[in-house]
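J.: Below is one structure. I have some questions about it.
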């Protein structure tokens, strides 16, 4: 999902790949040949993010810029589940799986950080809308429930009629 953050919109090169389940939000620049994989979050919350050419941000990794610009140099790799905040990494960098780099969000006062996030994202809007989920049809267009008791009675009458015809046919065969 691609989001603006206030007036800031992501700039994604047409040769870059962003998976449909990834989130890219705010003042983010993604260069040609880079890939943001499923579940990754790249969010600029106060400072910009620049991802160089031919970088890979793997599944469920988080890149977040809050107070300082986050830079991911060309040909860099951010491993699965890694968490990178306000860091500047040169070309050919590698962030191991589940690593944490840069300022830890735990070092912030949670209350002031939450207030900052509310203010920062107050005007966010989706740039690429997801297809709306299928909604249940209105009650008047749903098929009416079948009257099971009425069906049972009709079936019993038909079975009785069939049995009566069968008995009549047997009597005729016997000549009675």
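Every read-out reported here was derived from the displayed coordinates using simple, explicitly stated rules and does not represent laboratory data. Just so it is clear, the structure is predicted and the values come from calculations on it, not from any experiment. Positions of Cβ are backbone-derived with ideal geometry, glycine not excepted, and every protein chain shown enters the neighbour counts.
J.: Working out 0.36 nm times the residue gap between residue 171 and residue 68, then minus their Cα-Cα distance, what length gain in nm do you get to one decimal?
T.: Result: 27.2 nm gained on full extension.
J.: By per-residue mean of other Cβ atoms within 10 Å, what is the highest-first order of 12-19, 48-55?
T.: Highest to lowest by the protection proxy: 48-55, 12-19.
J.: Would you mind ranking 162, 1, 58 by Cβ crowding within 10 Å, fewest neighbours first?
T.: 162, 1, 58
J.: Suppose R0 equals 41 Å. What FRET efficiency, 1/(1 + (r/R0)^6) with r the Cβ-Cβ distance, do residue 7 and residue 100 give to the nearest 0.05? All intermediate terms of the calculation are to be shown ahead of the outcome.
T.: Numbers: r = 30 Å, r/R0 = 0.74.
FRET efficiency, residue 7 to residue 100: 0.85.
J.: Using alpha carbon coordinates only, what is the Rg to Rh ratio of region 1-52, with Rh defined as the Kirkwood radius? Could the numbers behind the result be given before it?
T.: On the way: Rg = 9.9 Å, Rh = 10.6 Å.
Checking Rg against Rh, the ratio lands at 0.93.
J.: Something else now. Taking the beta-carbon count within 10 Å as an exposure proxy, list 76, 88 from fewest neighbours to most.
T.: 88, 76
J.: Can you give me the Cα centroid spacing of region 10-46 and region 50-79 in angstrom?
T.: 9 Å
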